[in-house]
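This report refers to the structure that appears directly beneath it.
Please treat every number below as a calculation from the coordinates, not as lab data. None of these values were measured; they are calculated from a predicted model. Virtual Cβ from ideal backbone geometry, glycine too; neighbours counted across all protein chains shown.
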Amino acid sequence: MTSLTSGTRLAGTEIEALRQAGRRARVLVAGSLNHDEILIADHDPGDEGAVRVRDRVTAPGGHAGNCACALAALGAEVSLLAAVGADDTGELLVSDLRAQRVDVSPIVRIAGSPTGRVVIPVLGEQHFMLLLPGANDELAGEHVRQALAGDYDALVIFDPAAPALAEIFAATAGTALGENLFWNPGGIYAHQRSSAQYLARCRTILVNRNEWPAVQAGLPAGWAGRTEVVQTLGADGSAGHSGEGVLHAPAEAVQLMDPTGAGDAFAAGYVLATLAGLALPRRLAVGNICGALAVTAVGARGRHATLADLAGWRAPC
């Protein structure tokens, strides 16, 4: 494994490449939208234990929505394919996305299903997600086909309902867009055997350290010459697995407030850096900065990096 040093500095030419990529590329993000309830405590109480919650935050969330907002903050032209209920919570989520310059026209509203909710206990350095998917489970193949009628240069996939996921890969097979698929299968899809059929179809697979063993087992022989896997490692940074081996990029040093949404922010930075033509070490560096800034505020969208942040990046601690 090759390692980089921390304390990233991005050159002016790299910032300009990111700016131009944001201006010329249209990105579609597909996956979940949720209303998050974040409960922060100092430690895991253990089985049948108890711990006092010292802070509670409710905020818009969902992996796809978080990533779309992070891409928009970086200056990208981004649309979101997701489902919400025909309720006040759904309207709140859509309004928040619209305010952050995300194109919400592909979002579908499902009558009779509530907007998704997630309870996120943050217990010291650990965090968990308790999912009530609601309308997210109603995203269907027809919604995918309608969204893909648009002209997109890249598709970032998170956790859409299984029929929608299958349609995404079916509809993009043999197309130019199909050559630019980025997939974060998350804890649900990473551990499903049926997901293996999609892995080698992706340009990039994004996983965390817990998802990597399952994804690695599902990859076909020779995958490293065609697909790259990027692993987020929390306080240990990130790693890129490709045909040239494994490259490790240490994390940027920041004060952790809340890890919720850090992986989604990392994905946004990494995708834009890929579209900008940056090399793997620099793609990891951009992703690490975006992830680092995300953990300095409470909530999945409390702090997203901008190009100005990247240009002037100096880790605060």
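Remarks
- With neighbour counts taken as other beta-carbon atoms within 10 Å, the residues 296, 204, 232 rank, fewest first, as 296, 204, 232.
- Applying the criteria of a DSSP loop state and at most 13 other Cβ atoms within 10 Å to the trypsin sites (Lys or Arg not before Pro) of segment 160-224 yields 209.
- Where both bridge residues fall in segment 90-187, DSSP classifies roughly 60% of the beta bridges as antiparallel.
- For residue 110, residues with placed amide H under 5 Å, excluding near neighbours: 84, 85, 86
- Residue 244 versus residue 98: modelled label distance in nm, points set 7 Å from Cα along the beta carbon direction: 4.5
- Computed per residue of the chain from DSSP H runs no shorter than four, each worth -39500 (n - 2.57), the mean residue ellipticity at 222 nm is -9500 deg cm²/dmol.
- For residue 133, neighbours were defined as the other residues whose beta-carbon sits under 14 Å from its Cβ, and their charges (Lys and Arg +1, Asp and Glu -1) total -3.
- Under-5 Å amide H pairs with residue 208, H placed in peptide plane, nonlocal only: 232
- If you take all other residues with their beta carbon under 13 Å from the beta carbon of residue 76, and give Lys and Arg +1 and Asp and Glu -1, the sum is +2.
- Dipole magnitude of segment 9-311, debye to nearest 20 (Cβ charges: Lys/Arg +1, Asp/Glu -1, about Cα centre): 740
- Local charge for residue 208 was computed over the other residues whose Cβ lies under 12 Å away, with Lys and Arg +1 and Asp and Glu -1, and equals -2.
- Distance in nm between pseudo-label sites at residue 11 and residue 51 (7 Å out along the Cβ direction from Cα): 4.5
- Counted residue by residue at 0.36 nm each, then reduced by the alpha carbon distance between them, the extension gain from residue 176 to residue 43 reaches 43.2 nm.
- Amide H contacts of residue 34 (H built 1.01 Å from N, in plane; Pro and chain starts excluded): 61, 62 sit under 5 Å, all sequence-distant by 5 or more or on other chains.
- Among the GluC sites (Glu not before Pro) in segment 120-161, those located in a DSSP loop and surrounded by at most 12 other Cβ atoms within 10 Å of their own Cβ are 125.
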